[in-house]
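Here is the structure we will look at, set down as structure tokens.
The values are calculated or read from the model by the stated rules, or taken from the named source; none is laboratory data. Predicted model only: the values in this text are computed from it and were never measured. Virtual Cβ from ideal backbone geometry, glycine too; neighbours counted across all protein chains shown.
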Amino acid sequence: MPVCGRLLTMIGAVIIAIVVLVVIPVGFLMSTSLAAALSGALLTRNAEIIHADSELLECNT
């Protein structure tokens, strides 16, 4: 295998390692934080609608 072919193979392996070790975990953590924020907002809104006459809602703000 010529030197240029080995170099391209090595660059490809480094790119795959960066994607697997950096890009995928960061993307996963960002998506789970967005899902947590969305579910928190929806659950808070649901609780405020269901318990609209509760005096405890004033403590939430």
Helices (runs of 4 or more DSSP H) contained entirely in the chain, each with at least 1 residues that are of a type in the set (K, R): 3-18, 24-50
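For (1) out of contact with any helix residue (DSSP H, G or I) (no Cβ under 6 Å at 6 or more places or on another chain); (2) at pLDDT below 95; (3) surrounded by 10 or more Cβ atoms within 10 Å (Cβ to Cβ); (4) not small (G, A, S), each residue gets a yes or a no:
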position	(1), (2), (3), (4)
G5	yes, yes, no, no
P25	yes, yes, yes, yes
S39	yes, no, yes, no
L42	yes, no, yes, yes
H51	yes, yes, yes, yes
L56	yes, yes, no, yes
Single unsatisfied condition, T61 versus (1) loosely packed, with under 10 Cβ neighbours inside 10 Å; (2) of a type in the set (S, T, Y); (3) at pLDDT 90 or above: (3)
All positions within region 27-61 that are hydroxyl-bearing (S, T, Y) and within 9 Å of the chain's Cα centre (by Cα): S31, T32, S33
